[in-house]
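Heads up: the structure comes next, in structure tokens.
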Amino acid sequence: MPRMLDVSDEVRAEIGDEEAARLLAGGSAPVSYDCTSCRTQGDPGQERTSTVLFIGEETAVLAFAHATCLPSQVVQVTEEQLQGAVRAIGDHTPEPEAAQVTPEQAVLGVTSGLALIAGELHPALVVEPTAPVARPGSSGAGDDFLPLLIEQGFMPLTELSAVPPVLHGWSVLLAAGQLHAVLQPNPNGGRPVAWWQAHQPLQVTDGWRAAANKHQQVLLFAAPVGSIGRQPREDLLRDALDKAAANGKLVAAALPLAGI
């Protein structure tokens, strides 16, 4: 039976016309699948389904997602990320951890949580470096983390009273139901590159994942070192965010899910 599959031009270019035709005819399409975004079951015979091709340095994996969660697309990831996603798809075992080196060589700590704004829960990521971030090429000892982000389009916040504007070109990669990376525009053009990426896929709660798929975006809050800390509960995290905003030490943006 033909499947209700979406195969984008860029996916077709990678897998070839012959394989794309087999997929569309139902020959190599799954009877059912776990959505690579929301992790709930999908049926390509009953609902529109996107083909999502993850490409690493040596490996490529074709996954499937509800068309309402993600469009058909090619996602460039590191080989380590891809192998982690393959393991997660195979056994659904979460591997929580987060931190990656930015171009400024500062290690970022990333915490996920739900933020209540204007009476509605939004999925959020809170990013705080473990040390001051110097401007590339600078020999000074200052902290340019927030100015660098503001130059990229992040908005300074004095309070968390409204959802920040969408920062187009940036996105959050949620694959196999886990957080893999925050992507930014490639300065050389072409596919986005990782601004932050998890050493291992970062586990998020079912509520966070459901909110991300509902809103199709994630709020990213960033603060300089020492402003937020590792908070064990969401209410304490919110208190720390409110304090950082009141002190002029918080920037934010709404980032679409990868490819949206």
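Filtering Pro147, Pro201, Pro164 for residues that are under 17 Å from Leu108 (Cα atoms), modelled with pLDDT of 90 or more and either assigned by TED's automatic domain parsing to the domain that holds Gly42 or not aliphatic (A, V, I, L, M) (or both) leaves a single hit, Pro147. On inspection, Arg135 passes the criterion of being surrounded by fewer than 17 Cβ atoms within 10 Å (Cβ to Cβ) and over 22 Å from Asp242 (Cα atoms). Within segment 149-172, if we keep just the residues that are among the polar types (S, T, N, Q) and within 18 Å of the chain's Cα centre (by Cα), the residue that is nearest to Pro129 (Cα to Cα) turns out to be Gln152.
Within segment 229-245, the set of residues being more than 23 Å from the chain's Cα centre (by Cα) and of a type in the set (Lys, Arg) comprises Lys243 only.
The values are calculated or read from the model by the stated rules, or taken from the named source; none is laboratory data. Treat the numbers as computed from the prediction; the structure is a model and nothing was measured. Neighbour counts are summed over all protein chains in view; Cβ atoms, including those assigned to glycine, are modelled from backbone coordinates with ideal geometry.
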